[in-house]
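Engineer: I'd like to ask you about the structure that follows.
The values are calculated or read from the model by the stated rules, or taken from the named source; none is laboratory data. These numbers were taken from a predicted model, which means no experiment stands behind them. Ideal geometry is used to build each Cβ from the backbone, glycine not excepted, and the neighbour counts take in all protein chains shown. What goes into the accessible areas is simple: the full protein's heavy atoms, side chains included, and nothing from ligands, DNA or RNA. Shrake-Rupley method; radii C 1.70, N 1.55, O 1.52, S 1.80 Å.
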Amino acid sequence: CGDTQRPLRIGVIADCVGGLRAFGDGELAAAQLPLIIRGARTVSADPSDGVRGGRVAGRRVEVVRGCGESGEFSTLTQVARQLIEREHVDVIVAGGFVPTDGIPLRELAGRYPDVVFVAASSGPREVTLDRPARNLYRVAPDYGQGVAGLATYAYRRLGWRRVAVLPEEWAAGWEAETAFVREFCSLGGHIAKRIQLPI
């Protein structure tokens with residue numbers, strides 16, 4: 001009698017330490033929301049207390065919180081390994097505010113082929129295109145994909161033929177700028193000026 005199948009354990013790495021720790025509850029709540037939509041109930045108003053009754057495809061689901069710090073690769077790696085080796089999670093979900101966190105996730109995925117890894121924030125295309133891990137998935141576009149179609153809209157709908165670009169001076173800005181410029185120029189548009197803002 002009863003549910004004897006082992007629950008699916010999802011390790012969610014949220015910002016609990018460092019400068020972005022104020023966002024940790026929001027990150028955790030976002031990971032719990034799909035379960036709440038499917039009938040799980042929150043234990044309290046505090047997301048770190050977890051949810052009860054979560055099921056996906058008839059299987060019980062448990063969310064296990066890992067305390068991380070966005071942008072600290074060594075912390076992310078250590079927390080993910082603890083969730084896998086000590087908590088025996090089946091899935092690792094990470095996606096704080098530093099999009100390059102997907103790179104160490106890709107490296108870990110290669111070491112733990114029986115665990116599913118989900119990079120839940122936008123980031124560089126290398127997360128999934130450079131030496132891809134078969135068990136790593138991303139649910140947000142890379143920087144270039146995030147602006148896909150914008151140049152076509154500007155050219156065809158708005159009638160723009162000359163534009164100035166003001167990219168962010170780091171990886172996100174460079175990839176988004178490159179994608180926009182290639183698309184815009186391929187349609188016949190011209191980049192009149194590139195304005196570099198001081199950092």
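Engineer: Please count how many residues of the range 2-28 are open to solvent by 40 Å² or more (accessible area, probe 1.4 Å) and within 29 Å of Glu72 (Cα to Cα).
Structural biologist: 10
Engineer: Determine the pairs where a residue that is modelled with pLDDT under 85, located within the range 159-179, has a partner that is among the β-branched types (Val, Ile, Thr) with Cβ atoms under 7 Å apart, the partner being 6 or more residues away or on another chain.
Structural biologist: Going by the 7 Å Cβ cut-off, the qualifying pairs are Glu169/Ile199.
Engineer: Can you tell me which residue is farthest from Gly66 (Cα to Cα) among those in the range 81-132 that are open to solvent by less than 20 Å² (accessible area, probe 1.4 Å), small (Gly, Ala, Ser) and modelled with pLDDT of 85 or more?
Structural biologist: Of everything passing the filter in the range 81-132, Ala109 is farthest from Gly66 (Cα to Cα).
Engineer: In addition: Of the residues in the range 86-96, how many are in contact (Cβ under 8 Å) with a residue 24 or more places away in the chain and outside any strand (DSSP E or B)?
Structural biologist: Final tally of qualifying residues: 6.
Engineer: Thr178: among the β-branched types (Val, Ile, Thr), closer than 27 Å to Glu107 by Cβ and more than 17 Å from the chain's Cα centre (by Cα), yes or no?
Structural biologist: Yes.
Engineer: Something else about it: Residues Gly53, Gly39: which one is out of contact with any Phe, Trp or Tyr (no Cβ under 8 Å at 6 or more places or on another chain), more than 20 Å from Gly71 (Cα to Cα), open to solvent by less than 50 Å² (accessible area, probe 1.4 Å) and not hydroxyl-bearing (Ser, Thr, Tyr)?
Structural biologist: Gly39
Engineer: Which members of the range 156-168 meet the condition of being open to solvent by 40 Å² or more (accessible area, probe 1.4 Å) and not small (Gly, Ala, Ser)?
Structural biologist: Restricting attention to the range 156-168, the residues satisfying the condition of being open to solvent by 40 Å² or more (accessible area, probe 1.4 Å) are 156-162, 164, 166, 168.
Across the range 156-168, the qualifying residues are Arg156, Arg157, Leu158, Trp160, Arg161, Arg162, Leu166, Glu168.
Engineer: Which one of Gly39, Gly71 is modelled with pLDDT under 85 and part of a loop (DSSP other than H, G, I, E, B)? Spell out how you get there, then give the answer.
Structural biologist: Working: Gly39 fails: modelled with pLDDT under 85.
None of the other options fit; the residue is Gly71.
Engineer: Consider Arg65 against the criteria (1) modelled with pLDDT of 85 or more; (2) within 13 Å of Ala120 (Cβ to Cβ); (3) crowded, with 21+ Cβ neighbours inside 10 Å: it satisfies all of them except one. Which criterion is unmet?
Structural biologist: Among (1) modelled with pLDDT of 85 or more; (2) within 13 Å of Ala120 (Cβ to Cβ); (3) crowded, with 21+ Cβ neighbours inside 10 Å, the lone unmet condition for Arg65 is (2).
Engineer: Which of the residues that make up the range 48-85 are touching a residue at least 40 places away in the same chain (Cβ under 8 Å) and of a type in the set (Asp, Glu)?
Structural biologist: Residues satisfying the conditions are Glu62, Glu69, Glu72.
Engineer: Sticking with this structure for a sec: Report, by residue number, each residue of the range 133-155 that is surrounded by 14 or more Cβ atoms within 10 Å (Cβ to Cβ), within 27 Å of Gln32 (Cβ to Cβ) and of a type outside the set (Ser, Thr, Tyr).
Structural biologist: Listed by number, the residues that qualify are Ala133, Asn135, Leu136, Arg138, Ala140, Asp142, Gln145, Gly146.
Here's the yes/no breakdown for (1) of a type in the set (Val, Ile, Thr); (2) out of contact with any helix residue (DSSP H, G or I) (no Cβ under 8 Å at 6 or more places or on another chain); (3) within 14 Å of Ile10 (Cα to Cα):
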| residue | (1), (2), (3) |
| --- | --- |
| Gln32 | no, no, yes |
| Thr42 | yes, no, no |
| Ala45 | no, yes, no |
| Val56 | yes, no, yes |
| Glu69 | no, no, no |
| Leu76 | no, no, no |
| Arg81 | no, no, yes |
| Asp90 | no, yes, yes |
| Arg106 | no, no, no |
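Engineer: Return yes or no: is Ala133 in contact with a Leu (Cβ under 8 Å, 6 or more places away or on another chain), among the hydrophobic types (A, V, I, L, M, F, W, C) and closer than 11 Å to Arg106 by Cβ?
Structural biologist: Spelling it out, it is not the case that Ala133 is in contact with a Leu (Cβ under 8 Å, 6 or more places away or on another chain), among the hydrophobic types (A, V, I, L, M, F, W, C) and closer than 11 Å to Arg106 by Cβ.
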